[in-house]
Amino acid sequence: MPVIERASIRRILDSRGNATIEVDLFAPVRVRVPAPSGASTGAHEAQAFPKGGADESVRIFKEELGPALKGRDVADQEGLDRWLREADGTPNFSRIGGNLATAISLANARAAAAAAGQPLYRFLGGRSAKKMPFPFGNVIGGGRHAVGGTTVQEYLVVSQGPTVAGNVFANARVHHLLKDALSKKFPGEPLGRGDEGAWVAKLGDEEALALLADTCRAAEKEVGFPVRPAMDLAASEFFRDGKYHYKDRALTPGEQVDFLVRLAKDHGVYAYEDPLDEEDFEGFAALTKAIGKKVVIIGDDIYCTNAERLRKGISGGSGNAILIKPNQIGTLTETRATVETARKAGWATVVSHRSGETTDDTIAHLAVAFGSLGIKTGTVGGERTAKLNELIRIEEELHEGT
């Protein structure tokens, strides 16, 4: 494998108009990986940037990390990732920034794949990388992603047809049908869109789910395969003083579990992400015991792509799936360790974008390489469709190779 000949960095815009960073490695072919940022973040995830923001990460790279990358063999991914941990010296990448670590780590993997003459999904996943993930698309928004929307952060559509291309377009069809339904429901009122392109409207939380479920059924009739609603509650964001505070009710943890069990039954919910507070392992376990055989219970803020926290959840039955975000943990090696921990326990993985995204398509390759159940990456918007369109291309390559 070649060595890194030089490295560079720059500040770029993410999809919210905030600064993030992008790293180029030359080995000798140039590869480029930017890093996204989240708005709703778990307490246990890596710190995106050090004090001083993206500018400080750029300074650290130019003065320390960039020069030290020269001469490193791109084949040594684990060694690089250990070095990044050592260079930072904190538990959560607060000195150099998790975004900087992630961009360097994934750029190295891109460089190694390029040197091997393989696409990233094949380089990381080998010949077993054949399964295409279901796209999870945000179509109604609230919480921190959409001011004035629902308490629940995201209402998602999960199309489950035989091809990823069909699923991508089915999800987009639901997005279009929802626009029509909302226009009829609120005639003359402007429709807004949140950070991830989802519609924002003055809907109650269950009202939004009912509308989405109806729209999914309409789309399902058109496409001829399952189209199901899902929810990312981001429940930690509205949990305070021991209760979950919706606009029209406040529920105890036990009542929250009962509420979600009923919603799943009444509206055919396929998956819940972060249905309870990020420290409520017992609540996750109770919900999983009640409906986990029929509903995917995904932990994001509770696990933060951290294998140690995931092992705690596995031992208690606190969920049956985990969201995977590389910049929550900081390196590809640690991300893969978490994915492997989930796989051995029979848990599903869903690789995810962040609300502040870039047009990078790396997570599409990771979802295929990891054999993930799903990929969460919106339905519309250039930074979201970059991932979806890459999945369509990968699927085409896989079919050509059979």
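The values are calculated or read from the model by the stated rules, or taken from the named source; none is laboratory data. All values reported here derive from a predicted model rather than from experimental measurement. All Cβ positions, even for glycine, are placed from backbone atoms using ideal geometry, and neighbour counts span all protein chains on display. Ligands, DNA and RNA are excluded from the accessible area calculation, which covers all protein heavy atoms including side chains. Shrake-Rupley method; radii C 1.70, N 1.55, O 1.52, S 1.80 Å.
Quick look at the numbers
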{"quantity": "Selection count where residues are in contact with a strand residue (DSSP E or B) (Cβ under 7 Å, 6 or more places away or on another chain) and either open to solvent by 10 Å² or more (accessible area, probe 1.4 Å) or basic (Lys, Arg) (or both), scope the range 296-321", "calculated": "2"}
{"quantity": "Pair list, Cβ < 9 Å and 6+ apart or interchain, from the range 159-174 residues that are on the phi < 0 side of the Ramachandran plot and at pLDDT 95 or above to residues that are acidic (Asp, Glu) and part of a helix (DSSP H, G or I)", "calculated": "159/220; 163/395; 164/395; 165/395; 165/396; 170/220; 170/222; 173/222"}
{"quantity": "Filter result for residue 143 (on the phi > 0 side of the Ramachandran plot, of a type outside the set (Phe, Trp, Tyr), at pLDDT below 95 and surrounded by fewer than 21 Cβ atoms within 10 Å (Cβ to Cβ))", "calculated": "no"}
{"quantity": "Condition check for residue 221: basic (Lys, Arg) and under 21 Å from residue 171 (Cα atoms)", "calculated": "yes"}
{"quantity": "Number of the exception - residue 283 against (1) closer than 21 Å to residue 134 by Cα; (2) assigned to a helix (DSSP H, G or I)", "calculated": "(1)"}
{"quantity": "Condition met for residue 203 (open to solvent by less than 10 Å² (accessible area, probe 1.4 Å), assigned to a loop (DSSP other than H, G, I, E, B), out of contact with any Pro (no Cβ under 6 Å at 6 or more places or on another chain) and in contact (Cβ under 8 Å) with a residue 12 or more places away in the chain)", "calculated": "yes"}
{"quantity": "Residues being farther than 22 Å from residue 322 by Cβ and either in a loop (DSSP other than H, G, I, E, B) or open to solvent by 20 Å² or more (accessible area, probe 1.4 Å) (or both) - total across the range 226-250", "calculated": "11"}
{"quantity": "Residues of the range 13-30 that turn out to be of a type outside the set (Asp, Glu) and either open to solvent by less than 10 Å² (accessible area, probe 1.4 Å) or over 23 Å from the mean Cα position of the chain (by Cα) (or both), as a count", "calculated": "9"}
{"quantity": "Filter pass, residue 54 being buried (at least 19 other Cβ atoms within 10 Å of the Cβ), closer than 29 Å to residue 277 by Cβ, in contact with a strand residue (DSSP E or B) (Cβ under 6 Å, 6 or more places away or on another chain) and hydrophobic (A, V, I, L, M, F, W, C)", "calculated": "no"}
{"quantity": "Search result, residues across the range 266-313 that are touching a residue at least 12 places away in the same chain (Cβ under 8 Å), basic (Lys, Arg) and out of contact with any His (no Cβ under 8 Å at 6 or more places or on another chain)", "calculated": "289, 294, 311, 312"}
{"quantity": "Top-ranked residue in the range 206-225 [being in contact with a Gly (Cβ under 7 Å, 6 or more places away or on another chain) and outside any loop (DSSP other than H, G, I, E, B); ranked as surrounded by the most Cβ atoms within 10 Å (Cβ to Cβ)]", "calculated": "213"}
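Per-residue answers, yes or no, for (1) polar (S, T, N, Q); (2) modelled with pLDDT of 95 or more; (3) open to solvent by 10 Å² or more (accessible area, probe 1.4 Å); (4) more than 26 Å from residue 29 (Cα to Cα):
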| site | (1), (2), (3), (4) |
| --- | --- |
| 95 | no, yes, yes, yes |
| 101 | no, yes, no, no |
| 104 | no, yes, no, no |
| 107 | no, yes, no, no |
| 119 | no, yes, yes, no |
| 129 | no, no, no, no |
| 132 | no, yes, yes, yes |
| 137 | no, yes, no, yes |
